[in-house]
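Take a look at the structure below.
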Ligand SMILES: [Mn+2]
């Protein structure tokens, strides 16, 4: 791999590691779909490279330099989606069993299924899902007949029947993007959406705090397109009207203590300007660890 993420130790395996706080796992996976621009698989190494533009220091005593954070490098990606997901699940499970926080760098959002299988495999209890994303990814198949894509990832997780249906929280979605099938699923299963447009008109952080109070532990899946393209232009499916970086960091800060599994997906360095989107991703990791 390139240099490990700033403030972490590059390792090849974690079996012998002790007193771990967090482990970074790169998953440079993207599907072969023709409808999305290529580039998501370039993100893990780009994020590592950009991490050196930041000191990683902060006003908090707790920051990446004071924690024991390892960087496992990138998973070997095979052509078969299933094999890559099994390898991701295996690694996520190992990290969780060591009571450390997995920080997964995608890749496209279809990898979330591997992350979830890792949570299940670990037998650790994680109560709820926070899906920070412009889209809810609840299509059963998209594009046509494609069951395992970035647009179906949350539906595939739902089908595993691991998290209670009412423990799914979609934050930053843009209502007008959602398919009728997705809206129906949200309604019939009692899932919660906090749509992006609410961020300008209500005291939204209080509402999110209430959700956080309800549960002990979260799997946080951050699709960087939850941000407005002004803040994160380097994504495959940009949607205007999203959150600001500051709003995202505020959410991560209040979520940090209860975040037990974290992933950042859908950064597309090929579509980026001056690596802005990779910078936000780095900062999101620093903010999360600062607040732990
Ligand atoms: Mn997504």
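Before moving on, here are some points about what is shown:
- For segment 132-152 versus segment 154-217, the gap between their alpha-carbon centres in whole angstrom: 16 Å
- Gained length - residue 270 relative to residue 124, 0.36 nm times residue gap less alpha-carbon distance: 48.9 nm
- Highest average packing first - 258-269, 42-53, Cβ atoms within 10 Å: 258-269, 42-53
- Note on the chain: helix-only mean residue ellipticity at 222 nm, from DSSP H runs of 4+ residues weighted -39500 (n - 2.57) and normalised by residue number, equals -9500 deg cm²/dmol.
- Relative contact order computed over segment 88-181 (Cα-Cα under 8 Å; 6+ residues apart), in percent: 30 percent
- The chain: most fluctuating residue of 220, 235, 11 per GNM, C-alpha cutoff 10 Å: 11
- Result for the chain in a Gaussian network model with C-alpha springs under 10 Å: among 39, 234, 179, the largest mean-square fluctuation is at 179.
- Taking every alpha-carbon pair under 8 Å whose residues sit at least 6 apart, the chain reaches a relative contact order of 22 percent.
- Computed Rg/Rh of segment 9-290, alpha carbon atoms with Kirkwood Rh: 0.93
- Sequence of 109, 215, 135 once ranked by neighbouring C-beta atoms within 10 Å, starting from the fewest: 215, 135, 109
- Calculated on the Cα set of segment 232-291, radius of gyration then Dmax: 12.0, 33 Å.
- Whether segment 83-214 is rounded, prolate or oblate, judged on the alpha carbon gyration tensor where a/c under 1.5 counts as rounded: oblate
- Neighbour-count ranking [beta-carbon atoms within 10 angstrom, fewest first] of 170, 162: 162, 170
- Of all DSSP beta bridges confined to segment 105-251, the antiparallel ones make up roughly 0%.
Readers should treat all values here as calculations from the given coordinates under stated rules, not as data from a laboratory. Since we're looking at a predicted model, the values are computed, not measured. Every residue, glycine as well, gets a Cβ built from its backbone with ideal geometry; the counts of neighbours run over all protein chains shown.
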